[in-house]
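One structure is given here, and the rest of the page talks about it.
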Amino acid sequence: MSSRPADLLIARAVRRGGPWLAALTATALLGAAADLMLPAALGHAVDAVVRTQAGPEAGFGLTGPLTTAALLVSLVVACDALGVLAAGVSGARAAQWLRSRVVAHTLSVGAGMTRHFTAGEIVTRAGVNVEEAGRTPEAVVTAATLIIPAAGSVVALALIDPWLAVTLVAGLLLIVAVLRAFMRRTTAASGGYQQAQGEIAAMLVGALAGARTITAAGTEDLEAARVLAPLPRLRAHGLALWRLQARAGVQAAVVIPLLEIAVLAVGGLRLSAGGLTVGELLAAARYVVLGAGLGSALGYAARIARARSAARRLEQLFAVPPPAYGDRPLPPGPGTLELRDVTVRADGVRLLSGVSLVVPGGTCTAVVGRSGSGKSSLAAVAGRLVDPERGTVLLDGVPLREVGREPLRRAVGYAFERPALFGDTLGEAVAFGLAARDDAGKRSEDTARSGDTARSGDTARSGDAVWRADAARSEDTARSADAVRSADAVRAAAGAARADAFIRRLPLGYATPAGEAPMSGGEIQRVGLARAFAQAGRLLILDDAMSSLDTVTERQVGRALTGSLSDRTRLVVAHRVTTAAQADQVVWLDNGRVRATGTHERLWDDPGYRAVFRAEEAS
């Protein structure tokens, strides 16, 4: 990957330092200027002391030079103190901007991001790599301002004696060569180190997700070894970084003293020839130390190298484009879904191949097939969680790519096998996603009534009333596609998913914190179903969302799908015969292609179709 996008990202991050970046730059420049003036001031003070030896009357000129030198020293100390504060704040602001961009972009890409990077890799880049890139403002400003004392020292020495300036320039060229080589090699080594870090994080996240399985199998040691498998590479890259820094440090440690000796030797010769005063020689000695301070840029160069490597890894995230939405609204319609010659690939593997089918509006279609047949891929493209590589998906005659984000998300509701519950309470978990679609300032009469009920003294009787009152007072009240969803409507969705009863049995009801609710896998699935029921305006997609339900509950939810939810188009990834039997039509997938469509009764005559369910039961 080219370094240019990463360097541009670093430049934008540096600018996000805001006023504190200006303060850092100002203190660095002022401090550099004070450093440049200090040797001259000290030289004048020394010459003034020497002149006092000529007679008492000459001592009256000593106060001014000493006062100037003291003021310059105070200014350098003050600039250093303020610079440390400004560096910390500007770095934090840069890291905040980078992290906000990474998180926002990752979430806007959605499922497409996890096709390119594991969860652990994304977390590492949003955490460690952002922090490394966020330290760029201090490193860039400080390293840049080191050039000022170096250049100023050359000019000052040229004014004192040209031969001193020539000697200093020769040494500075050697220091610059050391810094360039160090920067190039450190950037490459930092990339390998950060890559190994990401691999460890990715495998650790995967291991934590399966922690119960690992414990049950007694394979903790094996998993620890697997997670830490990249550790030798991490160690090798880390050692390479330290060796590079040590080598560059040794080179600088050799060059800088030799440079100082060379300048002092030339200065001594000039002093003995009468071309310099003692004060000028002292100033020259200070200027060579100041100019040789360019070697201290080694540490800042290492930071910049790590930041560039980290920025490259962040740019790889930004290189994954988010889905582009159109601006067409969905016309009134029953929710007819149509796929035309749809092909989906992931990492070079074809998941769907030339799939064409029509799901009539207001009907229930079950998608069946063996594991790996493409059922989840079909569910993903149906609501545009992912885009097909080829082909078109239409909802009520409009290609999904041309529909605006808000109209599309109002129209489609999803439920998954392992739903993630967002929101502080179970009530908010069911209503999650609806609040973002609210029209500013709208309120429903049902919501207002629920708030009145909560405020009238019913709050003390149940946590459910508290949640309803909060919903009524909030600007984030849950709404459906075309009308405001009240707390009662959310409860109705939970009732259709058979979640209302067990939620109301909890001490706080719908106000129960989502992370503290004692729920089984099936109950979590029912909350996920309720969220989808509340969201879906015209298309409801269930991707294996009833796999953890017991048979009785599944039949009850199935009756809701064919009853109170029958006004919406339903696409259900089915693994059980009962679910397929309740559908209006069945789409049978085999190896990413539609093998047959029809009613469950008609397809049941095919032994291969019956074998699909036997395979699911066996697994």
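Below are the figures for this structure:
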| item | result |
| --- | --- |
| Helices (runs of 4 or more DSSP H) lying entirely in region 416-522 (those with 2 or more residues that are at pLDDT 50 or above) | 426-431, 463-473, 487-496, 500-505 |
| Hey, GLY192 part of a helix (DSSP H, G or I), within 30 Å of ARG306 (Cα to Cα) and in contact with a Ser or Thr (Cβ under 8 Å, 6 or more places away or on another chain) or not | no |
| Test: ASP550 is at negative phi and touching a residue at least 40 places away in the same chain (Cβ under 8 Å) | no |
| So LEU204, is it open to solvent by 80 Å² or more (accessible area, probe 1.4 Å), part of a helix (DSSP H, G or I) and under 29 Å from ALA307 (Cα atoms) | yes |
| Residue list for region 379-408, restricted to those being open to solvent by less than 50 Å² (accessible area, probe 1.4 Å) and assigned to a helix (DSSP H, G or I) | ALA379, ALA380, VAL381, ALA382, LEU400, PRO407, LEU408 |
| Wholly enclosed strands (runs of 3 or more DSSP E) of region 528-619 bearing at least 1 residues within 27 Å of GLY495 (Cβ to Cβ) and among the acidic types (Asp, Glu) | 539-543 |
| Qualifying positions in region 574-602 - open to solvent by less than 10 Å² (accessible area, probe 1.4 Å) and of a type outside the set (Phe, Trp, Tyr) | ALA574, ALA580, VAL586, VAL587, LEU589, GLY592 |
| Candidates ALA253, ALA297, ALA307, ALA292, filtered to the one that is at pLDDT 75 or above and either within 24 Å of THR145 (Cβ to Cβ) or open to solvent by 30 Å² or more (accessible area, probe 1.4 Å) (or both) | ALA307 |
| Pair list, Cβ < 9 Å and 6+ apart or interchain, from region 580-594 residues that are in contact (Cβ under 8 Å) with a residue 40 or more places away in the chain and among the aromatic types (Phe, Trp, Tyr) to residues that are open to solvent by 50 Å² or more (accessible area, probe 1.4 Å) and outside any strand (DSSP E or B) | TRP588/ASP606 |
| Some residue of region 153-167 being buried (at least 17 other Cβ atoms within 10 Å of the Cβ), free of Cβ contacts under 8 Å to residues at least 24 places away in the same chain, at negative phi and more than 39 Å from the chain's Cα centre (by Cα) | yes |
| Every residue from region 168-192 that is surrounded by fewer than 20 Cβ atoms within 10 Å (Cβ to Cβ) and not aliphatic (A, V, I, L, M) | ARG180, ARG184, ARG185, GLY191, GLY192 |
| Failed condition for HIS116, given (1) over 12 Å from the mean Cα position of the chain (by Cα); (2) assigned to a helix (DSSP H, G or I) | (2) |
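Yes/no per residue for (1) modelled with pLDDT of 75 or more; (2) open to solvent by 80 Å² or more (accessible area, probe 1.4 Å); (3) in a helix (DSSP H, G or I):
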| site | (1), (2), (3) |
| --- | --- |
| ARG4 | yes, yes, yes |
| ALA23 | yes, no, yes |
| THR27 | yes, no, yes |
| ALA41 | yes, no, yes |
| ALA54 | no, yes, no |
| GLY59 | no, no, yes |
| LEU72 | yes, no, yes |
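The values are calculated or read from the model by the stated rules, or taken from the named source; none is laboratory data. Remember, predicted model here, so these are calculated numbers, not experimental data. Here Cβ is always computed from backbone atoms with ideal geometry, including for glycine, and neighbour counts include all displayed protein chains. The area values use the complete protein model at the heavy-atom level, side chains included, leaving out ligands, DNA and RNA. Shrake-Rupley method; radii C 1.70, N 1.55, O 1.52, S 1.80 Å.
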